[in-house]
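The values are calculated or read from the model by the stated rules, or taken from the named source; none is laboratory data. Only a predicted model underlies this, so the values are computations on that prediction, with no experimental measurement involved. Positions of Cβ are generated from backbone atoms using ideal geometry, with glycine treated the same way; all protein chains shown enter the neighbour counts. Each accessible area value is taken on the protein alone, full model and side chains, heavy atoms only, with ligands, DNA and RNA left out. Shrake-Rupley method; radii C 1.70, N 1.55, O 1.52, S 1.80 Å.
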Amino acid sequence: VTAIKEVNKLLPSHYLQYNFNQSKIIEPYWSYSSFFQNPVHQHKNTIAASLNSLMERSVDMRIGSDDKLGCFISGGLGSATVAYYVSKLAKKKQVSGYTVGFKNENEEDVEAAKLVANRLGIHQD
């Protein structure tokens, strides 16, 4: 349901296909569980090496030529992983870490972000 009468939202990760014969189909375009239904035929070391290469290339493409870099660190695994690759690829550039915190709401995340930044040598104000 939306704020507009007779306009509805789709479920997350779903699409609506409206056909010329006025039929419609609502389907998920991705499913977490279906991802694991496909067998993997590669060795875990090959998968890990491929993921490492993809992460390095992705982060390296986004590191500009400026002397300073900024990196958001939330305290979660995703931002910690990106921060790791930023610090690894930054070479001699200064890396600053940024975290958003709210009093009495996410102090654990802020502390985790500080630990990640300290471990990676990322400066936080």
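Listed by first and then second residue, the pairs linking a residue in the range 19-44 that is over 21 Å from residue 9 (Cβ atoms) and open to solvent by 100 Å² or more (accessible area, probe 1.4 Å) to a residue that is modelled with pLDDT under 90 and in a loop (DSSP other than H, G, I, E, B), with Cβ atoms under 9 Å apart and 6 or more places separating them unless they lie on different chains, are 37/31.
What single numbered condition from (1) surrounded by 11 or more Cβ atoms within 10 Å (Cβ to Cβ); (2) more than 30 Å from residue 123 (Cα to Cα); (3) of a type in the set (D, E, K, R) fails to hold for residue 5? Answer for residue 5: the failing condition is (1). Scanning the range 28-86 for residues that are in a strand (DSSP E or B) and within 22 Å of residue 97 (Cβ to Cβ) yields 68, 69, 70, 71, 72. Scanning the range 92-105 for residues that are under 19 Å from the mean Cα position of the chain (by Cα) and not β-branched (Val, Ile, Thr) yields 96, 97, 98, 101.
Taking the options 74, 87, 65, 58, name whichever one is of a type outside the set (A, V, I, L, M, F, W, C), under 20 Å from the mean Cα position of the chain (by Cα) and surrounded by fewer than 17 Cβ atoms within 10 Å (Cβ to Cβ).
Working: 74 fails: surrounded by fewer than 17 Cβ atoms within 10 Å (Cβ to Cβ); 87 fails: surrounded by fewer than 17 Cβ atoms within 10 Å (Cβ to Cβ); 65 fails: under 20 Å from the mean Cα position of the chain (by Cα).
Exactly one residue qualifies, and that residue is 58.
Within the range 112-125, residues that are within 14 Å of residue 70 (Cβ to Cβ) sit with their Cβ atoms under 8 Å from residues that are surrounded by fewer than 23 Cβ atoms within 10 Å (Cβ to Cβ) and of a type in the set (Phe, Trp, Tyr), at 6+ positions apart or across chains, in these pairs: 120/84; 124/98. Checking each residue in the range 19-49 for being within 22 Å of the chain's Cα centre (by Cα) and among the charged types (D, E, K, R) picks out only 44.
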